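The values are calculated or read from the model by the stated rules, or taken from the named source; none is laboratory data. Just so you know, these numbers come straight off a predicted model, no measurement behind them. No Cβ is skipped: glycine too gets one built from the backbone with ideal geometry, and neighbour counts run over all protein chains shown. Please note that ligands, DNA and RNA were not included when accessible areas were found on the heavy atoms of the full protein model with its side chains. Shrake-Rupley method; radii C 1.70, N 1.55, O 1.52, S 1.80 Å.
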Amino acid sequence: MDGGIGSLVKWNPVANVQGQDIWKFLCAMDVPVNTLHSQGYISIGCEPCTRPVLPGQHEREGRWWWEDAKAKECGLHKGNIKEENVDGNGNGAVHANGTAIVPDIFNTQNLVTLNRTGIENLARLEDRKEPWIVVLYAPWCQFCQAMEASYVELAEKLAGSGVKVGKFRADGDQEYAQRELQLGSFPTILFFPKHSSRPIKYPSENRDVDSLMAFVNALR
């Protein structure tokens with residue numbers, strides 16, 4: 001630190017930045033990212049050493065899963081596997097065994113939380129009293145986290161407008177969502193028209209509130 005012979009100082013410009021804020025920046029600036037991230041690969045390494053992270057798992061559990069959590073890796077990331085309230089990337093509480101409790105997202109009183117029965121009933125209706133816009137999401141997905149503020153703002157703007165705003169956590173029902181709800185990757189946004197049973201899938205990756213509102217206004 002004194003700058004003498006053999007000294008080495010490393011500076012990390014995002015050391016104090018939460019992971020979800022980085023993803024919001026990437027989304028806002030339209031930076032290309034690896035498509036594996038939207039498929040549950042939170043931490044990506046070489047092919048044989050990497051697998052998707054399941055809901056509730058620590059982000060590093062997708063790497064070198066056959067090794068003991070307390071001894072694996074080179075040491076650069078071993079601080080991630082420890083007991084603490086929030087991990088270094090802002091991805092929720094962490095148990096002593098290294099698994100993460102991922103907090104839910106899209107939390108607002110202007111938004112309806114749908115369970116499996118609720119989304120099934122909504123999809124079956126052929127003559128709805130009001131149109132719906134629903135996001136199929138996984139709380140651990142960075143792209144879902146990145147659009148949280150926009151979707152919450154959309155719900156606030158549509159409150160009392162006659163358009164219902166909902167969310168359905170689909171990572172536990174992916175087969176059903178892929179088969180019946182056009183789920184390709186997270187997030188998937190669907191508009192359920194008032195007088196039609198088939199939902200319309202939002203076609204764009206621009207998930208800012210103005211783009212989402214334009215989509216709703218074009219179909220409501």
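Tabulated data for the structure shown
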{"item": "Local net charge near residue 189, Cβ-Cβ under 9 Å (Lys/Arg +1, Asp/Glu -1)", "result": "+2"}
{"item": "Accessible area (Å², 1.4 Å probe, nearest 10) - residue 210", "result": "110 Å²"}
{"item": "Local electrostatic count at residue 106 - Lys and Arg +1, Asp and Glu -1, tallied over other residues with Cβ under 14 Å", "result": "-1"}
{"item": "Filter on 157/201; 24/157; 129/194; 24/167; 164/194 - keep pairs with C-alpha separation over 18 Å", "result": "157/201; 24/157; 24/167"}
{"item": "Charged-residue dipole, Cβ positions (Lys, Arg, Asp, Glu), region 102-220 about Cα centre, Debye nearest 20", "result": "380 debye"}
{"item": "Fraction of accessible area attributable to carbon and sulfur, region 95-180 (%, probe 1.4 Å)", "result": "44 percent"}
{"item": "Full-stretch length increase - residue 149, residue 126 - with 0.36 nm per residue and alpha-carbon distance subtracted", "result": "5.2 nm"}
{"item": "Residue list for region 138-182, given a label point 7 angstrom along the Cα-to-Cβ vector of residue 51 and an amide N cut-off under 20 Å", "result": "140-141, 171-175"}
{"item": "Protection proxy ranking of 14-27, 179-192 - average other beta-carbon atoms within 10 Å, highest first", "result": "179-192, 14-27"}
{"item": "Approximate spin-label separation residue 16-residue 182, in nm, with each point projected 7 Å along Cα-to-Cβ", "result": "4.5 nm"}
{"item": "Sequence-distant residues sharing a close amide H with residue 197 (under 5 Å, placed H)", "result": "none"}
